[in-house]
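Have a look at the structure below before the remarks.
The values are calculated or read from the model by the stated rules, or taken from the named source; none is laboratory data. Computed from a predicted model, the values in this text were never measured in an experiment. Quick reminder, even Gly has a Cβ in these numbers, built from the backbone with ideal geometry, and neighbours come from all protein chains shown.
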Amino acid sequence: MEKVYDLIILGAGPGGLSAAIYAQRAKLDFLLLEKWLPGGEIANTFEVENYLGLNKLSGMELAEKMVNHVQDLGVKITIDPAVQVDFSQPIKKIITENNVYLTKTVIIATGASARKLGVTGENRLNGYGVTYCATCDGFLYKNKVVAVIGGGDVAVEDAIYLSRIAKKVYLVHRRDELRAAKSLQERMLNTPNVEVKWDSTVEEIYGENFVKGIKIKNKLTNKIEDIEVNGVFIAVGNKPNVEYLGNQIELIEGNWIKTDSRLETNVKGVYAVGDIRDTYLRQIAMSVSDGALAVNSLSHYL
């Protein structure tokens with residue numbers, strides 16, 4: 001007979017790694033699958049200072065500590081990306097590039113990826129002045145000049161947050177009005193050190209070893225403007241990594257996974273943790289907490 005696991009965890013970011021620790025302690029027969037490199041998106045963060053118990057360290061260092069912790073407990077991380085799932089039966093199927101795995105329960109922890117602008121310099125300077133999280137990296141830009149790209153709630157909130165830290169904040173938005181809540185707009189527009197560049201798109205992010213500036217284009221005049229900045233905060237949304245799930249799970253607006261208070265999805269025995277689920281705050285601490293709660297919930301289910 002084919003082996004049936006108690007649990008398969010999809011994704012080895014903070015949420016998946018936390019779940020693995022609790023699954024190991026619960027003596028579950030489980031498998032931890034990762035697409036590429038364990039550690040998740042935090043490995044791309046230049047510096048982390050807000051994770052309790054650990055002082056300032058790079059995202060890569062924190063990711064390595066989490067992975068090492070899990071491996072020291074005897075957990076094996078299997079690199080075998082899920083490409084399809086079948087949750088139609090009590091015994092679920094996880095189809096990967098190399099295998100078909102059977103399991104009684106599943107934790108989906110494949111996270112979300114920040115939407116990128118797709119402009120020259122963005123990838124090369126990612127982590128060296130280009131960032132996708134103001135609350136994670138904003139403190140690095142005290143008394144410096146930064147740009148926020150976007151026009152929704154997150155972008156406006158980021159601009160307000162950064163205005164307390166940075167000397168000057170530019171908000172670059174491609175339209176002539178913002179999508180953010182009116183109360184947020186009013187607050188930002190009344191902040192003295194925030195300047196909005198309307199009807200503008202970023203054409204290039206430049207710098208040798210660290211961001212030195214951006215080139216923006218006004219859509220109405222086609223004029224190119226060069227703005228010197230020390231950091232670029234891109235806030236044009238996140239994309240949950242749900243493609244491989246097909247239509248197996250209930251999603252809400254934006255394709256985030258809907259869960260109940262115990263982190264169970266609409267499919268019995270299938271749970272979602274971390275950045276992939278519908279949650280107000282996407283931070284490392286939240287993902288780690290989710291991993292613990294999901295394993296506790298599915299242990300009762302089993």
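I'd like the full set of residues that are part of a helix (DSSP H, G or I) and either surrounded by fewer than 19 Cβ atoms within 10 Å (Cβ to Cβ) or among the polar types (S, T, N, Q) (or both), limited to the range 136-153. First the steps, then the outcome.
Filtering the range 136-153 for residues part of a helix (DSSP H, G or I) gives 136-141, 153.
Within the range 136-153, F139, L140, D153 meet the criteria.
Restricting attention to the range 197-212, does a residue exist that is surrounded by 14 or more Cβ atoms within 10 Å (Cβ to Cβ), modelled with pLDDT of 95 or more and of a type in the set (F, W, Y)?
Checked against the condition, which is being surrounded by 14 or more Cβ atoms within 10 Å (Cβ to Cβ), modelled with pLDDT of 95 or more and of a type in the set (F, W, Y), the range 197-212 yields at least one hit.
Sort out which residues of the range 52-86 are of a type outside the set (A, V, I, L, M, F, W, C) and surrounded by 20 or more Cβ atoms within 10 Å (Cβ to Cβ), and write them in order of number.
G59
If we scan the range 102-116, do we find a residue that is more than 14 Å from L10 (Cα to Cα) and in a loop (DSSP other than H, G, I, E, B)? I'd like the intermediate steps shown before the answer.
Applying the first criterion (more than 14 Å from L10 (Cα to Cα)) to the range 102-116 yields 113-116.
Filter once more, keeping what is in a loop (DSSP other than H, G, I, E, B): 115-116.
Checked against the condition, which is being more than 14 Å from L10 (Cα to Cα) and in a loop (DSSP other than H, G, I, E, B), the range 102-116 yields at least one hit.
Filter the range 154-207 for residues that are outside any strand (DSSP E or B) and closer than 21 Å to I224 by Cβ and give the result.
Of the range 154-207, the ones outside any strand (DSSP E or B) are 154-167, 173-193, 198-199, 207.
Answer for the range 154-207, where residues must be outside any strand (DSSP E or B) and closer than 21 Å to I224 by Cβ: H173, R174, R175, D176, W198, D199, G207.
Enumerate the pairs (first residue in the range 8-33 and assigned by TED's automatic domain parsing to the domain that holds V100 and within 15 Å of I276 (Cβ to Cβ); second residue anywhere and acidic (D, E) and in a helix (DSSP H, G or I)) with beta-carbon separation below 6 Å, excluding pairs fewer than 6 apart on the same chain, so at least 6 apart or on different chains.
G15/D290
Answer yes or no as to whether E2 is modelled with pLDDT under 95, closer than 26 Å to H300 by Cβ and either outside any helix (DSSP H, G or I) or touching a Ser or Thr at 6+ places or on another chain (Cβ under 8 Å) (or both). It would help to see each step written out before you state the result.
Numbers: modelled with pLDDT under 95: yes; closer than 26 Å to H300 by Cβ: yes; either outside any helix (DSSP H, G or I) or touching a Ser or Thr at 6+ places or on another chain (Cβ under 8 Å) (or both): yes.
Yes, satisfied.
Grab the strands (runs of 3 or more DSSP E) fully contained in the range 208-293, keeping just those with 3 or more residues being on the phi < 0 side of the Ramachandran plot and charged (D, E, K, R).
Filter on the range 208-293 gives 224-228.
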